[in-house]
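The next block holds one structure in the form of structure tokens; read it before the comments.
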Amino acid sequence: MKSFKLFAAVLVATLLFSISSNAQTSAYYAGKWDVLVKGTPQGDVHLKFALADSASTIKGTYTDPESNKEMPLTKTELKDGKLTLNFTIQQYDLSLVLNKKDEDNVTGSLMGMFESTGVRVKP
């Protein structure tokens, strides 16, 4: 019986830590980001994102580089500290994976092909 109680306590602690850690990660990504995507066929491209933490999930918009209009992200996923942003530019569905580097910088890749670095835009 003691081992069951110990197992249950460890399980609950692990679940609480996991939920807390995911909430902290989603809050980290909230804000405005300027992401530089390097080496695309159009050259290096800056993409601007505005992200919000909503009940431990990420929602947001990006600024279309052609029209300069804010457009909604089509999907976001936060898994293992990595944030995946899905969006459409010129009828192409794109995904950008971002990883926390430090408090104000991220690294990642667009479509797994183009290196990306981002910096938090200060208010």
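Among the residues of segment 28-35, not a single one is crowded, with 16+ Cβ neighbours inside 10 Å, in contact with a Pro (Cβ under 7 Å, 6 or more places away or on another chain) and modelled with pLDDT of 90 or more.
Given the condition loosely packed, with under 14 Cβ neighbours inside 10 Å, within 14 Å of residue 50 (Cα to Cα) and out of contact with any strand residue (DSSP E or B) (no Cβ under 8 Å at 6 or more places or on another chain), answer yes or no: does some residue in segment 104-122 qualify? Scanning segment 104-122 turns up at least one residue that is loosely packed, with under 14 Cβ neighbours inside 10 Å, within 14 Å of residue 50 (Cα to Cα) and out of contact with any strand residue (DSSP E or B) (no Cβ under 8 Å at 6 or more places or on another chain).
The values are calculated or read from the model by the stated rules, or taken from the named source; none is laboratory data. What you are looking at is a predicted structure, and each value in this text was computed from that prediction instead of being measured. Virtual Cβ from ideal backbone geometry, glycine too; neighbours counted across all protein chains shown.
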